[in-house]
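What follows is a short report on a single structure.
No lab work stands behind these numbers, since they all come straight from the coordinates. Everything numeric here is computed off the predicted structure, so don't read it as measured data. Every residue, glycine among them, receives a Cβ derived from its backbone with ideal geometry; neighbour counts consider all protein chains shown.
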Amino acid sequence: MKFSTRAGALGAGIALVALSVFSVTPANASESTPSNPYGATVVDEAGLSGPLYLSDEEGESTLVGRDGKVGLTVNPVAAGCSWTNMTVPLGGAWYTSVDGCSLIGATNTATHLYKYEVDSNSKGNPCVQGRGYTKVGTSWSASYQAIGCGKSGSKTITIGNVITVSKVKAQSIGTTGTALVFQ
């Protein structure tokens with residue numbers, strides 16, 4: 001995982017972020033402070049629930065434990081965002097998913113690698129968009145970007161220096177509804 005100029009602060013800094021994350025209130029923080037070394041803005045209260053993943057500029061995520069330790073986990077399989085289920089009814093309307101995994105963007109250019117796959121028993125064909133963030137002045141604005149249409153897809157989307165959850169929008173473009181999973 002690459003953290004460019006923040007690599008030295010990773011070990012000590014993330015412990016402070018993870019420990020303070022559960023008591024942070026929404027704010028437009030834009031600078032690092034001793035209690036929030038990455039200056040991450042809470043844009044989604046749901047992002048304060050664990051497990052949390054620290055996202056870097058290349059879309060890689062590392063598990064942050066409740067004890068503040070980075071990259072350590074009892075179960076190595078759990079070291080990435082787990083898959084979240086979503087169903088999309090027939091009709092062409094866009095539907096928003098439930099919350100996916102909790103994310104902390106380490107820098108203004110931090111990204112999350114969104115992936116989706118249609119369930120093998122589903123005959124549907126969706127178009128899927130992933131939620132990212134863009135800095136506008138001193139705050140962050142959410143927007144959805146196309147991941148793709150079809151049985152599976154992936155795209156790296158900028159989430160910026162925020163604390164949030166992964167979330168997608170999807171619509172069925174075929175003659176049936178669709179069941180899918182996303183990360």
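Which far-off residues, 5 or more places away or on another chain, put their amide H under 5 Å from the one on residue 153, with H placed in the peptide plane?
For residue 153, the qualifying residues are 116.
Can you give me the Rg/Rh ratio for region 85-182, using Cα atoms for both radii and the Kirkwood formula for Rh?
Taking Rg over the Kirkwood Rh, I get 1.02.
I'd like to compare 130-139, 97-106, 84-93: which one has the highest average count of other Cβ atoms within 10 Å, and what's the full order after that?
In decreasing order of mean packing, 130-139, 97-106, 84-93 become 97-106, 130-139, 84-93.
Can you give the direction-averaged projected area of the convex hull of the alpha-carbon atoms in region 99-153, in nm²?
For region 99-153, averaging the hull's shadow over all directions gives 4.6 nm².
Using a 10 Å cut-off on Cβ atoms, rank the peptides 141-149, 113-121, 161-169 from the highest mean neighbour count down.
161-169, 113-121, 141-149
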